[in-house]
Amino acid sequence: MGDATAFSSMDEFCGSTFWDANETWWTTDPDFTPCFEQTVLVWAPCAFFWLFMLFDFWYLKASLDKNIPWNRLNISKLLINVGLLVVTALDLIMSFVKKGGDSELPLYGVDIWTPIIKLLTFLMVLMFIPLNRKYGVQTSGCQFMFWFLLTIFSIPRCRTEARLHQERGQIIGSQQAEPHDFTWETYQFASFFIFFAFTCLMLILNCFADQLPRQTKYYRGPKEIPELSASFLSRITYSWFDRMALKGYRNPLEEKDLWDLRPQDSCKEVMPTFAHYWNKNVRKNYKRASGGQEPKAQFSNGKVSFENPQSNGRKKGMASIMPPIYRSFGGIFLFGSFFKLITDILTFAQPQVLSLIIGYVEDFAKVPQPEWKGIMYSILLFVLASAQTFILAQYFHRMFIVGLRIRTALINCIYRKALRISNAARKASTVGEIVNLMAVDAQRFMDLTTYLNMLWSAPLQIALALYFLWQQLGPSVLAGLAVMIIMIPLNGFIASRIKTYQIRQMKYKDERVKLMNEVLSGIKVLKLYAWEPSFEKQVLDIRDKEIATLRATAYLNASTSFLWSCAPFLVSLVTFATYLLSNEANQLSVEKVFVSLALFDIMKLPLTIIPMLTVDIAETQVSVQRINKFLNSEELDPNNVQHDASKPHPMSIENGHFSWGDEDEMTLKNINMQVPKNNLVAIVGTVGSGKSSVIQALLGEMEKISGTVNTVGKMAYVPQQAWIQNATVRDNILFGKPYDRKRYNKVIDACALRTDIEILSAGDLTEVGEKGINLSGGQKQRISLARAVYHNADLYLLDDPLSAVDSHVGKHIFEEVIGPKGMLAKKTRVLVTHGITFLPQTDKIYVMKMGEISENGTYAELLKNRGAFADFLMQHLQEGEEEEEELNQIKRQLSQTDPALVAPFEKAILLARTESLSDSISVTSADSLMGGSLRRRGKRQDSYDSNASAASLKKKQEVEGKLIETEKSQTGGVDFAVYKHYIKSVGIFLSVATLVLNFVFQAFQIGSNLWLTQWSNDKAVEHDTGLRNMYLGVYGAFGFGQVGSTFFSSLAVSLGGLQCSRILHNSLLHSNLRWPMELFDTTPLGRIVNRFSKDIDTIDNVLPFNIRVVMMQAFMVLATIVVISISTPIFLAVIVPIGFIYYFAQRFYVATSRQLMRLESVSRSPIYSHFGETVTGVSTIRAYTVQDRFIEESDNKVDKNQVCKYPSLIANRWLAVRLEMVGNLIILFASLFAVLGGQTNPGLVGLSVSYALQVTQTLNWLVRMSSDIETNIVSVERIKEYGETKQEAAWELEEDKKKPKNWPEDGRVEFKDFQVRYREGLELVLRGVSFNISGGQKVGIVGRTGAGKSSLTLALFRIIESAGGKILIDGIDIATMGLHMLRSRLTIIPQDPVLFSGSLRSNLDPFEVKTDDEIWKALELSHLKAFAKSLTAGLNHEISEGGENLSVGQRQLVCLARALLRKTKVLVLDEATAAVDLETDDLIQKTIRSEFRECTVLTIAHRLNTILDSDKVIVLDKGQITEFDAPSALLADPKSAFFSMAKDANLV
């Protein structure tokens, strides 16, 4: 009744009927009434505009730019808008003139109100044109939508007006009628078409965006992201991204091709808002002790300050990051959620339209229906699907932006906090943990934001689905729901089992990779001992365990996929069965069946997501707590150090008591210290007396318990452990200061860096690796010093800067830099030092003892006191570290100041002398005392051999070579050969089985659906229960067929994948252990380990899953096409063009997206490594007060990462919109053809449309997954490539069996004109060496570094193969036998003792062939028996990785024990350099002399005294033998090289 009254009042308003169902609906020629066209169809768009105008105002407010110039576009908009206003105003005036009053035409409400409403709306739109121009808004979605709706809604009236015009023409044309006055109608006709033309023009103009604004807050360059100036239409369809997709398709994208970041996502915009809310939150949580003024979040010159939670008074609770996150980013998030709500509602409109279509076809079979209804339904379905596509894309886009911004805010917040955290708080967590806050926890937020809306959306979807299902099937829905709910805990249970297995598998994987790492690190030793088979077996054993867990996981995975595939089917089976059996009257109609199926399908996704979401939220909760804990931790108190310029001295500490943050433990007590201006003050003391702590106290890094610290002026600080950034050497020295060449060169010379820089491949522009990996300790220390000197500060704190450098360099630096004549002579300096030589030149010395200053004064005063300082001097001398000249110098200084001290001093020197003499018998030990000058000598020789230019050339080649090595696998598509290799590894049977099973599964599924349609169309069922039960039974059978085939197909894929990964891993391991040594030298270890960890992991876990999904989806798409084609064969005509569109979208996407992902991951690690660096060097950064520069650097790195990340997120949206539109077209054509094709079987129509509805998601997944496969199959490619590299000679040969069992019996070794090189393309290392050693002789091999001593032994073991000539042992050429035969019959004691983690026993006898007695005997002879007996586990004592838990000497003895166990006729002794103390050395020599009496022993000697008693000596020089004779003969000849070597070592 209410409808009727509403309609009648509308009739009065118009003066004609408002709604006539017979004219609009029950007709073959539908039309609206003129009244409806002039009211609803005009008011609706206007209402839309007034409703959504708020957004436009918000955009004006949020815009960062101003002032768009007037141009053709906005002027045309203005003019047309004015035109529309004029037309509308005329309408209003004309209706007053022509109607009402005297004229016979009455005046109705519609004639006044419709023009007024239009007038107001157009005025509003007109206002926005100059406003948008002024505030730099380039496009407006609300206005576009308004003009779009207005145009669409005006189309019915066009038709009406045109028809009326035609009728009027006929009336005027026919003569019999009396003349009519048609002026009002003609005016309306004209005015409407002018209005319509203008509307269309406005719509077209609104498709384009305005020009760039003139004033912008941020620079908008040529590389700005096109999104900023894209029109609304382009933004919705993401067509602004086309350019990048095309570029990425043509050739791989590089960093320079990427666009700049949108300003509103950059740190500069995100941070101030977040900081503002964070500070508010801090103030709320930490009540002020004193009622001070509340500061605002400062945003001064681009710097953002975060308040410290600790500083303001009492703690109410922890400040959490959640409220600031809600406040800062909640707006966009809610906007996105609003989109989500709309799409959820649209999702449910689709099944309703489906039921309309089915109803239409059913009725059509009985009574022919007007065709337009069917077409309307199909178009409606298409419009719904498309709207959903566009809105969903916007939703995801919004969510990603929120995620990115949250991540940006958190990373920056954590970074800024890390610069201010106190030392005690920093020690509470490791650097790795702090970096993880950023790498893992902040990332988690980003991953979660997309799904967070599912918290309300999933329950909403389930509730709506249930509501609609209830309408279809009544209470029997609950049975289906029960099945779904039972599924959830079942799945949960399986998921938790899978998790346990995954953890176990990770454990095995780590174990395996660790072992691989050890094997590869010690590969040389393994090859020398011929131990590879034992280790190969160990790795394979672990791998077998890993495969076993993977197999269990595979069964579980198959059962989950089994559950999920049978869920929808079981649910529908249970529901339909309950529905039918609960009441005789219930019958299945086509509509019921297909609408229910569509609704069940919608419910599937939210039900799967809910359990996953809960886990994610729990994990994020943990992340929030960890970040909160970190952000609330204690900060350094800025009041630790005052800067009071009125104090007399630039640096002073008065009555200072300090601790390292532990209240109870005082590190420094009663510190009183003044440093006068321009003085050099030294702090000395024994180890651990608190010298460095004093420096830290001056920096304000220590907790001040009482007293005052005062510093005035700029600081520079050289820490004890140099902190070097991952940048060029020059950047490390400049440290943010501008480059001044003269000063820079002066600093470099003063710090003795000139020679080091010349050696480096690219001079001072050489990149220094992380933590200064490619520099020696001394170089790092000097760079750190150079940084301080270049900084030109007022106060210098030098914490033992000379500890890592050699004495003569130290002297140079002291004179040139630190001392009274150095570059810093006019600065105030505090020097912590161990070197006593420099002390006389200091102005004052403070002696530290047990955290207190025991005495202070000048050098002379302290010596007179005979106190702690004199003790310190004595102790120092007895350590015997000083050189001869230094000792004399000290002696001179002493005799001048205090002669009484000279006597005890000389005694100390004598003691030190005798100790050091016993060491310095040999060349090296003297060298090693001088502090690594051997290393330097090696370096120098390199630099003579090749000058710097050659070195830089080599570097260039290396870089190019390396790049080619890594890049190779990662651009362009993957060869078919790789896929073939994979399939072959999986095995033909399993590959075919998978395909067949998937096919069977789809066949069953289509079968069961066709059966349903047959059933629902069969009218006989209503009266025949037996027939009904038969239908139900067959339906059930079809279902179980589906379930079985899924289970087996997913099992086949998983097992096939396992089979494959087993084969691939074994072949990789097999070929890798058989690599020649040269390959290990040229390939970085990390890269090989990566193959064993990451690539194998991909093949284990990722690929099988990908392949399974792709198979299922591909067959789904095929099934859809088949089903639609069965019901409407004409559909096949459309499939070809649609297929093309799909294929191109996919190709473009894959090429672009893969490259974007790589760029993103490359740009992500610098954020974390820079952060890790900052955390380790934080005290240096604070000392130089360069926090702001580091914050900016971090911000830039984050922004750079976003630059790569943003396009890859957009690429996903771009693809989704394109693919879903393809899917929507399939829906359109499937439904159109079904309706138009005169299809009379409603079941088939329902089937084909419901299949079409599912296809969009499937297509989307298919592309994603197939591109994933392409990305991941690269792992197979890499492994295949490693399996096809060059191998060393065979380990075992058939001929070996014919050789004598106990070869070599005599141990004769003969070299005949032997030549060898390390690898192809390098020059010869041994150039034609010939000598003959008879059995049992002891031979020493000597020569300078690089003379080819080691090459001789390597050649003997065929680690490097000969390049000419041959080696005979007992007359047999060693090149003719298998490597293991050869290597297992020779024994070597290598230079650096390599041990493997495992038991002591496995380290001595990995093949377990020796008895316990033999092993104990060997241990006894190698003097390890006592040690082994003392261990609780005895021979089973676990040795840690690399033998860390044994001393170096013990490791050397273990190697000796290995040799004793082997005991072959030929022993090679590559002598340990300085690792072994003299005692151990004597033991080894004694044992070798007694135990290997009858053997041939070749010793590579570094200490001559060990080979003086040998039978022969070989002197090598540059790869040739210069002398070969008995040592006594050579020593008798003063001209011999051997003699001069002996002389150097003080042996003659």
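The values are calculated or read from the model by the stated rules, or taken from the named source; none is laboratory data. In this text, all values refer to a predicted model and were calculated from it rather than measured experimentally. Quick reminder, even Gly has a Cβ in these numbers, built from the backbone with ideal geometry, and neighbours come from all protein chains shown. These accessible areas exclude ligands, DNA and RNA; they are computed on the full protein's heavy atoms, side chains included. Shrake-Rupley method; radii C 1.70, N 1.55, O 1.52, S 1.80 Å.
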- Test result for Thr1496, open to solvent by 10 Å² or more (accessible area, probe 1.4 Å) and not aromatic (Phe, Trp, Tyr): no
- Filter result for the condition that a residue is within 21 Å of Val1235 (Cα to Cα) and either open to solvent by 10 Å² or more (accessible area, probe 1.4 Å) or aromatic (Phe, Trp, Tyr) (or both), over Ile1141, Ile1135: Ile1135
- Message: Condition first: open to solvent by 40 Å² or more (accessible area, probe 1.4 Å), part of a helix (DSSP H, G or I) and at pLDDT 85 or above. Can you find one or more residues in region 1077-1086 that meet it?
- Response: no
- State which residue pairs qualify: first residue more than 13 Å from Val125 (Cα to Cα) and free of Cβ contacts under 8 Å to residues at least 60 places away in the same chain and inside region 31-57, second residue among the hydroxyl-bearing types (Ser, Thr, Tyr) and open to solvent by 20 Å² or more (accessible area, probe 1.4 Å) in any location, beta carbons under 6 Å apart, and separation of 6 or more residues or different chains. Thr33/Thr17
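Conditions (1) at pLDDT below 90; (2) at negative phi; (3) within 26 Å of the chain's Cα centre (by Cα), marked per residue:
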position: Phe232; (1), (2), (3): no, yes, no
position: Ile236; (1), (2), (3): no, yes, no
position: Arg243; (1), (2), (3): no, yes, no
position: Leu253; (1), (2), (3): yes, yes, yes
position: Trp259; (1), (2), (3): no, yes, yes
position: Gln264; (1), (2), (3): yes, yes, yes
- Message: Yes or no: region 1261-1268 includes at least one residue that is basic (Lys, Arg), within 33 Å of the chain's Cα centre (by Cα) and either on the phi > 0 side of the Ramachandran plot or open to solvent by 50 Å² or more (accessible area, probe 1.4 Å) (or both).
- Response: yes
- Please find, within region 1366-1382, the residue that is nearest to Val1309 (Cα to Cα) out of those that are assigned to a strand (DSSP E or B) and touching a Leu at 6+ places or on another chain (Cβ under 9 Å). Ile1369
- Working carefully through the options Ile705, Ile683, Ile695, find the one that is modelled with pLDDT of 90 or more, of a type in the set (Val, Ile, Thr) and assigned to a strand (DSSP E or B). Ile683
- Across region 1234-1260, what is the number of residues that are over 17 Å from Thr347 (Cα atoms), modelled with pLDDT of 85 or more and either of a type in the set (Ser, Thr, Tyr) or open to solvent by 40 Å² or more (accessible area, probe 1.4 Å) (or both)? 1
- Item | From Asp111, Asp91, residue being in contact (Cβ under 8 Å) with a residue 60 or more places away in the chain, more than 17 Å from Leu201 (Cβ to Cβ) and not aliphatic (A, V, I, L, M) | Asp91
- Query: Has region 819-827 got at least one residue that is in a helix (DSSP H, G or I) and either open to solvent by less than 10 Å² (accessible area, probe 1.4 Å) or not basic (Lys, Arg) (or both)?
  - Reply: no
- Message: Can you say whether Thr1152 is touching a residue at least 40 places away in the same chain (Cβ under 8 Å), over 14 Å from the mean Cα position of the chain (by Cα) and surrounded by fewer than 21 Cβ atoms within 10 Å (Cβ to Cβ), as far as the supplied structure shows?
- Response: no
- Message: Show me the helices (runs of 4 or more DSSP H) found entirely inside region 735-801 where at least 1 residues are crowded, with 19+ Cβ neighbours inside 10 Å and among the acidic types (Asp, Glu).
- Response: 754-759
- Scanning region 836-866 for residues that are open to solvent by 20 Å² or more (accessible area, probe 1.4 Å), modelled with pLDDT under 90 and within 25 Å of Val747 (Cα to Cα) gives Phe838, Pro840, Gln841
- Message: modelled with pLDDT of 90 or more, out of contact with any Leu (no Cβ under 7 Å at 6 or more places or on another chain), surrounded by 12 or more Cβ atoms within 10 Å (Cβ to Cβ) and more than 23 Å from Gln211 (Cβ to Cβ): which single residue out of Phe49, Phe96 fits that description?
- Response: Phe49
- Message: Looking for something under 30 Å from Phe364 (Cα atoms), in contact with a Lys or Arg (Cβ under 9 Å, 6 or more places away or on another chain), open to solvent by 50 Å² or more (accessible area, probe 1.4 Å) and not small (Gly, Ala, Ser) - is there at least one such residue anywhere in region 20-41?
- Response: yes
- Query: Phe1105 is checked against (1) modelled with pLDDT of 85 or more; (2) out of contact with any Leu (no Cβ under 7 Å at 6 or more places or on another chain); (3) surrounded by 20 or more Cβ atoms within 10 Å (Cβ to Cβ); (4) of a type outside the set (Lys, Arg) and fails just one. What number does that condition carry?
  - Reply: (3)
- Could you look through region 1026-1064, keep only residues that are open to solvent by 20 Å² or more (accessible area, probe 1.4 Å) and aromatic (Phe, Trp, Tyr), and pick out the one that is farthest from Arg1108 (Cα to Cα)? Phe1038
- Would you check if Ser239 is within 30 Å of Pro45 (Cβ to Cβ), free of Cβ contacts under 8 Å to residues at least 12 places away in the same chain and surrounded by fewer than 18 Cβ atoms within 10 Å (Cβ to Cβ)? yes
- Task: Go through (1) open to solvent by 50 Å² or more (accessible area, probe 1.4 Å); (2) at pLDDT 85 or above; (3) out of contact with any strand residue (DSSP E or B) (no Cβ under 9 Å at 6 or more places or on another chain); (4) not aliphatic (A, V, I, L, M) one by one and return the number of the condition Thr88 breaks.
- Result: (1)
- Task: Out of Lys1512, Lys1518, report the one residue that is surrounded by fewer than 18 Cβ atoms within 10 Å (Cβ to Cβ) and closer than 24 Å to Arg1327 by Cα.
- Result: Lys1518
- Task: Taking the residues in region 380-430 that are touching a residue at least 60 places away in the same chain (Cβ under 8 Å) and of a type in the set (Phe, Trp, Tyr) as candidates, determine which candidate is least open to solvent (accessible area, probe 1.4 Å).
- Result: Tyr415
- Task: Would you mind telling me which numbered condition in (1) within 26 Å of Leu228 (Cβ to Cβ); (2) open to solvent by 50 Å² or more (accessible area, probe 1.4 Å); (3) aliphatic (A, V, I, L, M) Leu131 fails?
- Result: (2)
- Query: For residues in region 760-773 being more than 25 Å from the chain's Cα centre (by Cα) and modelled with pLDDT under 75, which is farthest from Leu824 (Cα to Cα)?
  - Reply: Ser761
- Please state which of the following conditions Trp70 fails to meet, knowing it meets all the rest: (1) open to solvent by less than 50 Å² (accessible area, probe 1.4 Å); (2) not in a helix (DSSP H, G or I). (1)
- Message: Which of the numbered conditions does Gln721 fail, given that it passes all the others? Conditions: (1) modelled with pLDDT of 90 or more; (2) under 26 Å from Phe1171 (Cβ atoms).
- Response: (1)
- Return yes or no: is Phe1092 surrounded by 20 or more Cβ atoms within 10 Å (Cβ to Cβ), of a type in the set (Phe, Trp, Tyr) and either free of Cβ contacts under 8 Å to residues at least 24 places away in the same chain or over 29 Å from Ser589 (Cα atoms) (or both)? yes
